[in-house]
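Here's the structure, in structure tokens; my notes come after.
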Amino acid sequence: MTFDFSAVLVLLTAVSGTIWGVWVWLLAPRRRTAEEAETEEPLLVEYARSFFPIFLIVLILRSFIAEPFRIPSGSMMPTLLVGDFILVNKYEYGIRLPVLNTKIIDIGAPQRGDIVVFRYPEDPSIPYIKRIVAIPGDHVVYKDKKLWINGKLQPQKYLGRYLGIGSGAMMTGAEERLERLDGKEHRILIMPGRPTVNVDTVVPSGHYFAMGDNRDNSRDSRYWGFVPDENLIGHAFMIWMNWDSKAGGIDFGRIGTFLQ
């Protein structure tokens, strides 16, 4: 069973707020006799009054401002490493209701090159993170480990052989390349001798084509299709912590790194 923290947070906020509200507006006024005026509020109400503002603030921040996630795999290497803790902007792609995930205010949409967290289309309870490489209406071709968008090859520059550390050591020896996508540059990893999946498709309306930067070690839109707009969670913008036990623990050099 997948733990749904958002649902638990909504429930705690609702329950604590209801208990406190019922006491303040219904029960407390009825106890205002001379003897009961000095009676302390029940322990349950005291807890509800204390925790309700905390639950509410965390719910608002996490649902509408920013939400933390941890990177569990190497599919976005070298941009994101196993053990990175990232912050995701929750309002850039529209304001959505927690749990229901219904968009109520349309603010913006992902652009080519954005690193996006979304609910995995084949199992929406699982959050995924990939880079958006094509937006609605784009003709995307991935062939021979190179990317074409609307007939234009996205240039790649060879940087050298990659040296992985910790949980990413298995990618040592991969080719590290600098790819320019719609004017934005980011690093990718390529394993020259490893088979790849070729794609030639057009992105439908309301969907996006996403790929991992670790091109030969990423299960992405090449395998399971497009990311629906309703599955979007937010735009990953910063690494706020890194912990990889296989690399010796905290990597202070990655803390505060803004993503591109």
> Looking only at the stretch 197-227, which residues are surrounded by fewer than 19 Cβ atoms within 10 Å (Cβ to Cβ) and basic (Lys, Arg)?
Replying inline: 219
> Hey, among the residues in the stretch 233-245 that are farther than 25 Å from residue 169 by Cα and of a type outside the set (Val, Ile, Thr), which one's surrounded by the most Cβ atoms within 10 Å (Cβ to Cβ)?
Replying inline: 234
>> Could you go through the stretch 69-84 and let me know if any residue there is in the same structural domain as residue 206 (by TED's automatic domain parsing), more than 13 Å from the chain's Cα centre (by Cα) and over 30 Å from residue 248 (Cβ atoms).
In response: no
> Does residue 64 satisfy the condition of being farther than 28 Å from residue 217 by Cβ and surrounded by 15 or more Cβ atoms within 10 Å (Cβ to Cβ)?
Replying inline: yes
> So residue 230 fits all but one of (1) closer than 16 Å to residue 127 by Cβ; (2) buried (at least 18 other Cβ atoms within 10 Å of the Cβ); (3) of a type outside the set (A, V, I, L, M, F, W, C); what number is the exception?
Replying inline: (2)
> Looking only at strands (runs of 3 or more DSSP E) that fall completely inside the stretch 89-172, which ones have 3 or more residues that are within 23 Å of residue 258 (Cα to Cα) and modelled with pLDDT of 95 or more?
Replying inline: 115-119, 127-134, 156-161
> Could you list, in sequence order, the residues of the stretch 139-164 that are farther than 15 Å from residue 199 by Cβ and of a type in the set (D, E, K, R)?
Replying inline: 152, 157, 161
> Out of all the residues in the stretch 160-196, which are surrounded by 13 or more Cβ atoms within 10 Å (Cβ to Cβ), of a type outside the set (Lys, Arg) and within 20 Å of residue 116 (Cβ to Cβ)?
Replying inline: 179, 181, 182, 186, 188, 189
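The values are calculated or read from the model by the stated rules, or taken from the named source; none is laboratory data. Quick caveat: nothing in here was measured; it's all calculated off a predicted structure. As a convention, Cβ positions derive from the backbone with ideal geometry for all residues, glycine included, and neighbour counts pool all protein chains shown.
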